[in-house]
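The values are calculated or read from the model by the stated rules, or taken from the named source; none is laboratory data. Bear in mind that the values here come from a model prediction, so they are computed numbers and not experimental data. These accessible areas exclude ligands, DNA and RNA; they are computed on the full protein's heavy atoms, side chains included. Shrake-Rupley method; radii C 1.70, N 1.55, O 1.52, S 1.80 Å.
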Amino acid sequence: MDDTPDRTETRAELLPEEQAVESADPEAQAREVLRDSDRRTEHPEATLGRRKPEDTV
């Protein structure tokens, strides 16, 4: 997917749960979240069966 500055800037606005734990670098965090999301969207079969319930808590 596209990694435009606008997309990163929009995602860098922390969600309430992210604000609770703060972030040293919201833009770097946003880029990584978007990269991970894109990977899972483009290759969903690669993520099947990898997570355990305790990993999502």
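Residues checked against (1) open to solvent by 80 Å² or more (accessible area, probe 1.4 Å); (2) over 11 Å from the mean Cα position of the chain (by Cα); (3) not small (Gly, Ala, Ser):
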residue: ASP6; (1), (2), (3): yes, yes, yes
residue: GLU9; (1), (2), (3): yes, yes, yes
residue: GLU32; (1), (2), (3): yes, no, yes
residue: ASP36; (1), (2), (3): no, no, yes
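Just wondering, is there one or more residues in segment 39-50 that are modelled with pLDDT of 75 or more, under 13 Å from the mean Cα position of the chain (by Cα), of a type outside the set (Lys, Arg) and open to solvent by less than 60 Å² (accessible area, probe 1.4 Å)?
No - not one qualifying residue is present in segment 39-50.
So which residues in segment 14-28 are part of a helix (DSSP H, G or I) and open to solvent by 60 Å² or more (accessible area, probe 1.4 Å)? Quick ask: steps written out before the conclusion?
Step one: filter segment 14-28 for residues part of a helix (DSSP H, G or I), giving 16-21, 26-28.
Answer for segment 14-28, where residues must be part of a helix (DSSP H, G or I) and open to solvent by 60 Å² or more (accessible area, probe 1.4 Å): PRO16, GLU17, GLN19, ALA20, VAL21, GLU27.
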